[in-house]
Amino acid sequence: MHIKICAEAFDPWQEIQVHQHLAKDLAGKFGATSVFIGTMRDFNDGDDVKGMTLEHYPGMTEKQLEKIVAEALQQWPIINALVVHRVGDILPNEPIVLVAVWTSHRGDAFDASRYIMEALKSRAPFWKKERLKSQAERWLVKNTDGYL
Amino acid sequence: MSIKVRYFASLKESIGRSNDHLEITGLATVADVWRYANPNKALPDNSLAAVNMDYVELNSAVKDGDEVAFFPPVTGG
């Protein structure tokens, strides 16, 4: 299991490859890998967005993400998991978040990765401030419930 | 007692600072900490609070050495 906060742009596919490669002892044990990648859009609420700053609460972010992954481990037979989240200045098309879960069977991989992602959206202390094409800046007010 | 207070995101901007260090006796709850540190500003309704990096309710107790944080709803992911 690994949780990582990145201040620089990251390649989610490379992160997955490296994480899976390092866990050599798990080779042959997992039959399903579910991957979710959140990427920055260049539009939001009808406006063109040219960039974003992601603030976070260092320490609490890691603590909450560890707790969320631990909750998922109690509910599903997870073999391995990886959570990577970006902070700092971000441009459209750059990845914001990666959640990958390795399990024996697909149902657990889908369900556990969904759980981790939705819990992250509502509990991990990150805040987005958008920079619009008009030069205006605005904080996002609230994340929507992904199950609605 | 000594309490470290931290503020984040839009709440930090609206009060104009990111932290306070309080040396005070008689603060019992998280809500007391906010009122003492920000006597002229009500905590916005949707705000979240944490003590030592765990979410808490505003009526939760505080003790010497705690780090108390206030921030708006989270918008990561």
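Worth a mention:
- Filtering A:Phe36, A:Phe10 for residues that are of a type in the set (Phe, Trp, Tyr), out of contact with any Cys (no Cβ under 7 Å at 6 or more places or on another chain) and within 14 Å of chain B (Cβ to nearest Cβ) leaves a single hit, A:Phe36.
Residues checked against (1) modelled with pLDDT under 95; (2) in a loop (DSSP other than H, G, I, E, B); (3) away from chain A (no Cβ under 14 Å):
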| position | (1), (2), (3) |
| --- | --- |
| B:Leu27 | yes, yes, yes |
| B:Val33 | no, no, yes |
| B:Tyr55 | no, no, no |
| B:Leu58 | no, yes, yes |
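- Test: residue in the range A:22-33 that is within 11 Å of another protein chain (Cβ to nearest Cβ) and not in a helix (DSSP H, G or I): no
- Residue match in the range A:133-144 (condition: charged (D, E, K, R), within 14 Å of another protein chain (Cβ to nearest Cβ), surrounded by fewer than 17 Cβ atoms within 10 Å (Cβ to Cβ) and part of a loop (DSSP other than H, G, I, E, B)): yes
- Filter result for A:Val97 (of a type in the set (A, V, I, L, M) and facing chain B (nearest Cβ under 9 Å)): yes
- Top-ranked residue of the range B:35-53 - restricted to ones that are closer than 16 Å to A:Arg123 by Cα, out of contact with any Asp or Glu (no Cβ under 9 Å at 6 or more places or on another chain) and assigned to a loop (DSSP other than H, G, I, E, B), ranked as farthest from the other protein chains (Cβ to nearest Cβ): B:Ser47
- Selection status of A:Asn44, within 14 Å of chain B (Cβ to nearest Cβ), closer than 29 Å to A:Lys129 by Cα and not hydroxyl-bearing (Ser, Thr, Tyr): yes
- Flag if B:Leu22 is in contact with a helix residue (DSSP H, G or I) (Cβ under 8 Å, 6 or more places away or on another chain) and not aromatic (Phe, Trp, Tyr): yes
- Restricting the range B:44-77 to residues that are among the polar types (S, T, N, Q) and closer than 21 Å to B:Ser10 by Cβ, the residue that is surrounded by the most Cβ atoms within 10 Å (Cβ to Cβ): B:Thr75
The values are calculated or read from the model by the stated rules, or taken from the named source; none is laboratory data. Computed from a predicted model, the values in this text were never measured in an experiment. Heads up, the Cβs are rebuilt from the backbone with ideal geometry, glycines too, and the neighbour counts pull from every protein chain shown.
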